[in-house]
Amino acid sequence: MANWIALIKKGNTSSAVASLGNTGLAIIKAIAASVSGSGTMFASAMHSVADAINQAFVFFGSVLAEKAPTRRFPTGFGRVINLFCMVAVIVVTVMAYETILKGYKLLKYPEEASNFWLNVIVLLIAVAIDGAILIKAMKEIVKESRSEAKGLAVIPAAFRNAGRAAPPTRLVFYEDIVATMGALFALVAIVCTQFLNIRILDGIATILIGCLMVFVAFKVGYDNMVGLIGVAAPKDIEDRVAGLIVSDPDVADVTRLRIVQEGRTYHVEAYIELRKGFTLADAGLVKQRLRSKLLGDPDLSDVTLGLTEDDGVRTWGSDGGN
């Protein structure tokens, strides 16, 4: 039990907060949609339901991904989160289909919505909550990518470094961009329908929300498919790891360096040349020291090192890398 509590504490914070927030929003929106008959409110409620289910599911996946490696799974469970995110993509796709279908029906048979102020208040609450979750996700991206951005600089930094964030954080980020925009679309549609009597906007806004959900499904699905296959680390991660290795006074060269992303962390495989004259015992101590140094980096979860004697030929850095 204690182990599971420790794992839960390591779970992705953004997905847990997003799940709780969207659960509350889904309930409020569903009640408003049933009372008012608004199609855009229904679409927004469907989106919140999808987000709540997804984020709870993904949070559970992020907890499992933190399990330590076993004899059967020696590289750990990092890619489990990619699998959970792929299942979340299916949920979003189904909800997107239902939302677009609802929008198409509203275009053919526009419905008159009631309780205008109820819809407006609910959607303003939705914009506030989804916006707060989006800001939380942006801050997590900045933290996970080790960006130094602060204040308003967090926004462009989040978009720029989203690909380097953990899969659950990316999912929250993309989904809440759509959620916030969807709530704004719904708000505009309801206001225009009320004061301009353009009922067709209800269907248009509903379809737009559905299309945004399709975009999220495609983007998140692609990112996690790449993660399941195994994707190389970004150049700055590679340079940082190489810098840690070559900074050791006993290292002469790096002949091969391969870094693969596993969930939110990276696995390192490196072949290193040591200065000439080391005994086998001394080389073992250097290897142990290097491995401890690399594992001290919070972005690295597994390190495999191979050692050999310096051959006098410079390999790493001779062409800007290996």
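What number goes with the only condition from (1) under 28 Å from the mean Cα position of the chain (by Cα); (2) surrounded by fewer than 19 Cβ atoms within 10 Å (Cβ to Cβ) that Val241 does not pass?
Exception for Val241: condition (2).
Please give the number of the condition Phe278 fails out of (1) at pLDDT below 85; (2) within 29 Å of Val80 (Cβ to Cβ); (3) not polar (S, T, N, Q).
If we test Phe278 against (1) at pLDDT below 85; (2) within 29 Å of Val80 (Cβ to Cβ); (3) not polar (S, T, N, Q), just (2) comes out false.
How do the pairs read when you match residues in the range 242-259 that are assigned to a helix (DSSP H, G or I) with residues anywhere that are among the small types (Gly, Ala, Ser) and crowded, with 17+ Cβ neighbours inside 10 Å, using Cβ under 8 Å and keeping only pairs 6 or more apart or on different chains?
Close Cβ pairs satisfying both conditions: Ile245/Ala270.
Would you tally the residues in the range 64-76 being surrounded by fewer than 19 Cβ atoms within 10 Å (Cβ to Cβ) and either touching a residue at least 40 places away in the same chain (Cβ under 8 Å) or hydrophobic (A, V, I, L, M, F, W, C) (or both)?
6
Can you report the number of residues in the range 123-155 which are in a loop (DSSP other than H, G, I, E, B) and either surrounded by fewer than 16 Cβ atoms within 10 Å (Cβ to Cβ) or outside the structural domain of Val17 (by TED's automatic domain parsing) (or both)?
3
With respect to Val87, determine if the residue is surrounded by fewer than 24 Cβ atoms within 10 Å (Cβ to Cβ) and in a helix (DSSP H, G or I).
yes
Filter the range 156-197 down to residues that are among the polar types (S, T, N, Q), part of a helix (DSSP H, G or I) and over 13 Å from Ile133 (Cβ atoms) and give me whichever is nearest to the chain's Cα centre (by Cα).
Applying the filter and picking the extreme gives Asn161.
The values are calculated or read from the model by the stated rules, or taken from the named source; none is laboratory data. Since the model is a prediction, treat every value here as computed from it, not as a measurement. No Cβ is skipped: glycine too gets one built from the backbone with ideal geometry, and neighbour counts run over all protein chains shown.
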